[in-house]
Amino acid sequence: MIYFDNGATTLQKPTQVARAMEAAMISCANPGRSGHRPAMKAADVVYRCREEAAALFGAPGPESVVFTQNATHALNLAIKSVLHSGGHAVISGYEHNSVVRPLEAMKESGVTYTVAQSPLFSQRAAYDAVCEALQDDTRCIIINHISNVFGFVLPLEAIDQLCSRKGIPLIVDASQSAGILPVSAAALKSAHFICMPGHKSLYGPQGTGILISCKDSGLFSLMQGGTGSNSIETTQPGFLPDIFESGTLNVPGIAGLHEGLRFVRRQGLAAMAQHKRHLIEAAAGELAELKGVTVYRSSADCHQGLFAFTVQGKSSAEVCQKLAERDICLRDGLHCSPLAHRSAGTLPDGACRVSFSCFNTLSEVKFFLSAVKKMLTSP
């Protein structure tokens, strides 16, 4: 099998991820609830992962690292913290439904939002569109760092500077950039929250995510319950990370995520990004030369991690199904990001997405290209 659907989840993990999860299943109890050895072991596993994530993402401290179920969970916490009392949000034209749907659900509580639509792979146009969408009551700007459909790197640093000048909180969706590009809470002066999954380019297991809370004010919990702290109080603790972490944590998942984070730091972001870029250039370059194939790609400074393509006369579902019959795994359709497809003009059918991990090889790319050519010439 050739797995090129790492933008959804990395299938091949470092071997130490599974080993750490198994060890946690055997030895770890509930962190922060008791003083016995299994509980203390679990607390140590959780804290070490917080430290690793804080170091990788420039968090103010380990307590600013909140563990979530996934990036969707993290984004809901972030969005509803900033906008729980209403207000206007600006989002890019490349946002995932994990941003759009919470905003839609909050309309009844007075939340409005504007989509800053812009052409694909134009960072200047994306920035200008955000500027034009600002209103007097804008309470936050939400930016997808890398489009999960096209690999378009949005101008995050420029938008951060804009937010700093305007005093507007920034929420960063780092679902595709965490583990590919440098993402630093310390460098992003206006960022209030950075959201990411653990199961993509951080090589952790599914069911894990991270919310970096860059500020310790304006926090709002969606769920209340047991935290192991301030137990005599009937109200939710107001401090990090407890305000966002009610109930039992996914300790085996966090143990695996810790090893995924360590793997990323050992490999180095630059080396992994270069490897993926080499594979993209090889795959996208040859696909673009095929008759009837349209490839969506750009220069390295605004294109990272993955790319999309369409085939004239064939739906994305048909193309990906034909490749799946040869054990080549891609993603078809709208990728939960209809805004991105509207921006690129690929509605209503969507596109085929090719997304690599550091475990993919050039020989796999060559086999994939051969399969595409055979599909194009077959009846």
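The values are calculated or read from the model by the stated rules, or taken from the named source; none is laboratory data. Note that the structure is a prediction, hence the values are computed from the model and not measured. Note that each Cβ is placed from the backbone with ideal geometry, even for glycine, and that neighbours are counted across all protein chains shown. The area values use the complete protein model at the heavy-atom level, side chains included, leaving out ligands, DNA and RNA. Shrake-Rupley method; radii C 1.70, N 1.55, O 1.52, S 1.80 Å.
The table for this structure:
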read-out	value
Gyration tensor verdict on the chain (Cα atoms; rounded if a/c is under 1.5, prolate if a/b is larger than b/c, oblate otherwise)	oblate
Alpha carbon Rg of region 322-363, scaled by the compact-globule rule 2.2 N^0.38 Å	1.39
Within-13-Å neighbourhood charge of residue 195 [Cβ basis; K, R +1; D, E -1]	0
Interchain or long-range residues, amide H under 5 Å from residue 68's placed H	209, 210, 211
Around residue 354: net Lys/Arg minus Asp/Glu count, Cβ-Cβ under 9 Å	+1
Inter-probe distance in nm under a simple model that places probes 7 Å from Cα toward Cβ, at residue 11 and residue 131	4.5 nm
Region 1-100: translational diffusion in µm²/s, Stokes-Einstein, Kirkwood Rh over Cα pairs, 20 °C, 1.002 mPa s	127 µm²/s
Environment charge at residue 86 (Cβ cut-off 11 Å; Lys +1, Arg +1, Asp -1, Glu -1)	0
Kirkwood Rh and Cα Rg combined as Rg over Rh, evaluated for region 34-175	1.05
Dipole of region 215-330, positive direction: furthest Cα of 313, 244, 303, with charges on the beta-carbon	313
Share of carbon and sulfur in the accessible heavy-atom surface of region 161-307 [1.4 Å probe, %]	49 percent
Per-residue ³J(HN,Hα) for region 275-287, Karplus 6.51 cos²θ - 1.76 cosθ + 1.60, θ = phi - 60°, Hz, x for Gly and Pro	4, 5, 4, 4, 5, 4, 4, 5, 6, 5, x, 6, 4
Ranked packing of 232-240, 171-179, most packed first, by mean Cβ within 10 Å	171-179, 232-240
Over the chain: helical MRE at 222 nm, DSSP H runs n ≥ 4 each giving -39500 (n - 2.57), nearest 500	-12500 deg cm²/dmol
Solvent-accessible heavy-atom area per residue, rounded to whole Å², over the chain at 1.4 Å	41 Å²
Lysines with Cα under 16 Å of residue 373, excluding same-chain neighbours fewer than 8 positions away	291, 314, 322
About the Cα centre, charge dipole magnitude for region 91-197 (Lys/Arg +1, Asp/Glu -1 at Cβ), debye	160 debye
Gain upon complete extension [residue 301, residue 230; 0.36 nm per residue less C-alpha separation]	20.8 nm
Contact order normalised by residue count of the chain, Cα under 8 Å, 6+ apart, percent	24 percent
Only Lys, Arg (+1) and Asp, Glu (-1) charged, at Cβ; the chain dipole about Cα centre in debye	720 debye
Hull-based mean projected area of region 251-379, where the convex hull spans the alpha carbons, in square nanometres	9.4 nm²
